[in-house]
Amino acid sequence: MPEIPTKPYLLRALYEWCVDNGYTPHLGVKTDGRTQVPAEHVRNGEITLNVSPTAVHRLQMGNEVIEFSARFGGVARQISVPVANVYALYARETGHGMTFEVDAPKAGVQTQAEGEAGALLPASQHDAAPSEPGEPPTTPRGGGRPTLRRVK
């Protein structure tokens, strides 16, 4: 039996740390044909998802897939993200979190039919996608949403 990767365990631990400290956990996700998110919110093949307990319903962070339901622009949708496609989990307020390596996404994004359930930052709060995927989160000067920047 193959060994289970550490990534899903680290994601669950970081999520719990964010929630325990009153922070808003966000997932950075590379989209591909296996990712079920609203296509209208995907930018440069990536999406940032607010996965706080107040933003999502029935969150399941498994070893292979992260699933939940939430609202996008008032429309309920079901979201399914392969753990392999997650490149970051961080606290919006501080930018603290962790980044992960992700293979290049495959072409195409699956979307759920209208009337199903999903969760994302409102478009008004969504900055341009990070220029370098997999970079650690940092908070820009003057406030605003954190962006991702690689630190080596």
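Derivation of every value follows stated rules applied to the coordinates shown; laboratory data play no part. Computed from a prediction, not measured in an experiment: that's the story for all the values here. Methodologically, a virtual Cβ is constructed for each residue, glycine included, from the backbone with ideal geometry; neighbour enumeration extends over all protein chains shown.
Here the extension length gained between Glu93 and Trp17 equals 26.1 nm, from 0.36 nm per residue of separation less the Cα-Cα distance. Shown is the FRET efficiency for Ala76 and Arg43, computed with R0 = 30 Å from the Cβ-Cβ distance and rounded to the nearest 0.05: 0.85.
Cβ neighbours within 10 Å, averaged per peptide: list 15-23, 86-94 in order, most packed at the top.
Details: 15-23: 14.8, 86-94: 21.7.
Most protected by this proxy first, the peptides run 86-94, 15-23.
Sorting Glu46, Glu64 from the fewest to the most surrounding beta carbons within 10 angstrom yields Glu64, Glu46.
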